[in-house]
């Protein structure tokens, strides 16, 4: 089974765009297998749950951090999954761009123990693509992430990649720091993966196509990492939360079919309806 693990903080409008596009383009079954980690289950997040049930007949499960905090919540969630199953990470500022299926991912990973994961954020359209490794096929493109440039050398990411649950447990076991946010999970997870995995899982895979997911990184909800975001009052979380409560929604279909040389759209194709 592929378990979705999605992270959201104070961005119900963007989370709704992620989950609605996941169900519409990747299947309602994957939506039903998704857990959304939130600091607290607010009325806005409960509205997201109700809307998805009304539209798709299924919805995700919400996991509240509460007093446990982010670190303990994530470690407990991952520890409860069987090692031989899979995790599909996601974040609330991501949208899906074209129809996809995760169904082949377990077989792809099981067939090649040197693969660290299967990426949906990378594709043939993304620049600086390394040469294909042996074992690539009409369906699967494999490359060596160790020493690769740019996005291609980033082995542990939370936008849209499938990993073995056992491998994620191993990565978390190598993270000694207390993680405060998903940014910490990704940052320390990358460092751990680079330290302990290059000799065993030096390759990564994607489907032999353009990328299926991209981030609309228009705002930030943390201050520890100064990631690029478009910014501005129109994109501020409090502004978008107000619009969400007024019945406005992210029109993720505006990004449908987009193929650019990056997996970050910024505010390209950003539209509120």
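A short reminder: the numbers here are calculations on the coordinates, not readings from a lab. Remember, it's a predicted structure, so these values are computed and weren't measured experimentally. Because the Cβ atoms are built from the backbone with ideal geometry, glycine has one as well, and the counts that use them run over all protein chains shown.
Starting with the highest mean, order 149-162, 6-19, 33-46, 122-135 by the number of other Cβ atoms within 10 Å, averaged over the residues of each peptide.
6-19, 149-162, 33-46, 122-135
For n ≥ 4 DSSP H runs only, could you compute -39500 (n - 2.57) per run for the chain, divide by its residues and tell me the 222 nm figure to the nearest 500?
-9500 deg cm²/dmol
To the nearest Å, what is the center-to-center distance of the range 236-261 and the range 169-220, using C-alpha atoms only?
25
Output the relative contact order of the range 139-273, whole-number percent, from Cα pairs under 8 angstrom with separation of 6+ residues.
26
Would you mind checking the tilt of helix 43-56 against the longest principal axis of the Cα atoms of the chain, expressed as 0 to 90 degrees and rounded to 10?
70
Please give the length that would be gained between residue 137 and residue 32 if that part of the chain were fully extended, namely 0.36 nm times their separation in residues minus their C-alpha to C-alpha distance (nm, one decimal).
That pair, residue 137 and residue 32, stretches by 34.8 nm at full extension.
If you wrap the range 1-130's Cα atoms in a convex hull and average its projection over all directions, what's the area in nm²?
The orientation-averaged projected area of the Cα hull of the range 1-130 comes to 8.9 nm².
Considering only DSSP beta bridges where both residues belong to the chain, give the percentage that are antiparallel (nearest 5).
Of all bridge pairs located within the chain, approximately 45 percent are antiparallel.
Rg and Dmax of the range 45-102, using alpha carbons, in Å: what are they?
Reported Rg and Dmax, both Å: 14.2, 38.
Which three lengths, in whole Å and largest first, does the range 108-251 cover when its Cα atoms are put on their principal axes?
Cα extents, longest axis first: 51, 38, 24 Å.
Assuming R0 = 45 Å, can you tell me the calculated FRET efficiency for the pair residue 128 and residue 272, based on Cβ-Cβ distance, to the nearest 0.05?
According to the calculation, E is roughly 0.90.
Send over the Kirkwood Rh of the chain, from the inverse of the averaged 1/r over different Cα pairs, rounded to one decimal Å.
When all Cα pairs of the chain are included, the Kirkwood radius is 18.7 Å.
What is the angle, in °, between the Cα long axis of helix 182-196 and the longest principal axis of the Cα atoms in the chain? Nearest 10 is fine, range 0 to 90.
With both axes taken from Cα atoms, the answer is about 0 degrees.
To the nearest 0.05, what FRET efficiency results for residue 234 and residue 50 with a Förster distance of 25 Å applied to their C-beta separation?
0.40
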